[in-house]
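> Below you will find the structure I want to go over with you.
The values are calculated or read from the model by the stated rules, or taken from the named source; none is laboratory data. As the structure is a computational prediction, the values presented were derived from the model and not from experiment. We work out accessible area using only protein heavy atoms, side chains counted, and drop any ligands, DNA or RNA first. Shrake-Rupley method; radii C 1.70, N 1.55, O 1.52, S 1.80 Å.
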Amino acid sequence: LAQPVTPDLLVSPSSQDGDLGSECPEDRGNWTGRLDFLLSCIGYCVGLGNVWRFPYRAYTNGGGAFLVPYFIMLAICGIPIFFMELSLGQFSSLGPLAVWKISPLFKGVGMGTILIVSLVAIYYNMIIAYVLFYLFASLTSDLPWQHCGNWWNTELCLDHHVIKAGNNTLPVNISNTVSPSEEYWSRYVLHIQGSSGIGDPGRIRWNLCLCLLLSWTIVYLCILKGVKSSGKVVYFTATFPYLILVMLLIRGVTLEGAWKGIQFYLTPQFDHLLSSKVWIEAALQIFYSLGVGFGGLLTFASYNTFHQNIYRDTFIVTLGNAITSILAGFAIFSVLGYMSQELGVPVNQVAKAGPGLAFVVYPQAMTMLPLSPFWSFLFFFMLLTLGLDSQFAFMETIVTAVTDEFPYYLRPKKASFSAVICIALFLMGLILTTEGGMYWLVLLDDYSAGFGLMVVVITTCLVVTRVYGMKRFCRDIHMMLGFKPGPYFRACWMVLSPATMMALLVYNIVKYQPSEYGNYRFPTWAEVLGILMGVLSCLMIPMGMVVAVLQEEGTLWEVGVQQASRPAMDWGPSLEENRTGVYVASLAGSQSPKPLMVHMRKYGGITSYENTAIEVDREMEEEEDDESM
């Protein structure tokens, strides 16, 4: 005899297979600790740029006055875009490719993101390899870049210890000399004299190649189990840099002449605020420092539970990132002030940005301190931890994006797939380990995440607010967090953020300058190659549109475009108990009260989230009535 079938809604939780109230999709994985997500975001945003770009940008753009446009730009396009990316990821529990179920016509935006992140991951890990090289070089009693007289030094090398030991009353002309640290970097680490330019890479530097292999091995071991492993590693890599930064800060401000550097860093020059360049520089710093558009934020949020308070997390991470940048400025410029006093030159002659600061100026400053190998090791260990968690994010973004597209094939083999990606990117990065590798690194740095990234972010913002609809997006956030975004967020998403980024894009195109490294100017073919890197990520958008329209049924172009721009049938929260309102009907076999009943079984009554779901349903019914009338 057939057994009587108990209606699904009447089954008790204990008699069911699995836990219907579970917040976590088991097959995809989720953060395992409460702070995993927050620390991962902090580690991702607080990177090398906070140490080697922000302080220099502040000093060249009005000192303390630069903080005014910096925080205004943070409010206009930093915080709102950050919150938008987290909301998209958490609501859908999908990576940067699959999230475009929100509007399949624009899936090319996700493809452009993956291309950009892949190019950045190649050269970013090379920078980590340089840091590892210096880290190992610091494990000596006498730093190798401390004195002249080594085989790699030239006649132009001038040791600051010689200047100090000499008669200080006699002025020393250092304009045509080179510091030992600069020759160590260019002639020993890079061995750049073995290459005549970007078209002549020269031989592979095997010590750099081994450092690159080690950095990829570290990254792979940390992302081996996805967010379950990287989420634990960031407890160290996201917090330890702060300890070292505070140590460097205390040591820096206690040095003689430190105040001269800090004064140089923070003296406000308010006349700079009338220059449009300063505002653009502030927006660029925010844009790249927070890592919006790279897919990392969206990927991390996609591993959250549905009701995680990302609104609070947005402000913690963005403001924490800004404060870290300012603190790093004190740590850097206090040491540069001491260095300028030791050398008897103005601060602006020793201040540099980027690799020049990390691998030339700061290491030189370390040689002037007592226990110089110890401070050098600490500085490079801080750079290593700052760089690694940003690299974790890039790799997690690529792996998550592809595995979400092919979940049945790749999710069970995620560790193997991660290994394949790491090996492929390592092999592509081998050209960076050659004698002319620095030229290729500069080309990748200048073009891989330039205007292409801005186009991706602008398109994302416009699609979410215009194509998907601001009302619908705010309703999704309401369903997820229990409240709707206020007028500030809506105004930024609709007008202020896209307009600011458009201005950035136009400025970048109008003020375009060819790449250069020191006195070396890149040939035309290299410039064209760089521009093509940026254009290719933009071309992914129209290519994705063509593919999406061709996949739609219907003969008319207009019909195909309209159908492809609408959200896919399975767009919405990944777990059935979170699908309320319009999203209930989009799951086969779903019944309207079911999500509510699941929550009632779990919590023993109606919760605030069920009240939110009821409100959303009521709003939708009212809107449908208005439309029918």
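> Each residue of the stretch 219-234 in order: what ³J(HN,Hα) in whole Hz does its phi give by Karplus 6.51 cos²θ - 1.76 cosθ + 1.60, θ = phi - 60°, with x for Gly and Pro?
4, 4, 4, 7, 9, 3, 10, x, 5, 5, 8, 5, x, 8, 5, 5
> Considering the Cα trace of the stretch 349-486, what is its radius of gyration and what is Dmax, both in angstroms?
Here Rg and the maximum Cα pair distance are 21.7, 61 Å.
> Tell me, how many Å apart are the Cα centres for the stretch 171-247 and for the stretch 57-94?
28
> Give the distance, in whole Å, between the Cα centre of the stretch 421-472 and the Cα centre of the stretch 313-337.
Cα centroid of the stretch 421-472 versus Cα centroid of the stretch 313-337: 25 Å apart.
> Scattering from the C-alpha atoms of the chain alone, worked out with Debye: what is log10 I(q)/I(0) at q = 0.08, 0.09 1/Å?
Reported log10 I(q)/I(0), two decimals: -0.62, -0.77.
> For the chain, with every protein chain kept in place, what is the accessible area per residue (1.4 Å probe, Å²)?
Per residue, the chain has an accessible area of 43 Å².
> A further question on this structure: Each residue of the stretch 320-329 in turn: what ³J(HN,Hα) in whole Hz from Karplus with 6.51, -1.76, 1.60 and θ = phi - 60°, glycine and Pro shown as x?
x, 5, 5, 5, 4, 4, 5, 4, 4, x
> Report, by chain and number, residues whose modeled amide H sits under 5 Å from the one on residue 434, excluding near sequence neighbours (fewer than 5 apart, same chain).
Amide H to amide H, under 5 Å and 5 or more residues apart or across chains, residue 434 pairs with 205.
> Which of 260/352; 352/511; 101/232; 107/484; 107/471 have a Cα-Cα distance over 19 Å?
352/511; 101/232; 107/484; 107/471
> Grab the DSSP H runs of the chain that are 4 residues or longer, score each as -39,500 (n - 2.57), total them, divide by all residues and round the 222 nm result to the nearest 500 deg cm²/dmol.
Computed mean residue ellipticity for the chain: -19000 deg cm²/dmol.
> Let me ask another. Starting from the amide H of residue 157, placed 1.01 Å from N in the peptide plane, find each other amide H under 5 Å away whose residue is 5 or more places distant or on another chain.
So residue 157 has HN proximity to 178.
> In the chain, what percent of the accessible surface is made up of carbon and sulfur (1.4 Å probe, ligands and nucleic acids excluded)?
64
> Whose amide H sits under 5 Å from the amide H of residue 197, counting only residues 5 or more places off or on another chain, with H placed in the peptide plane?
none
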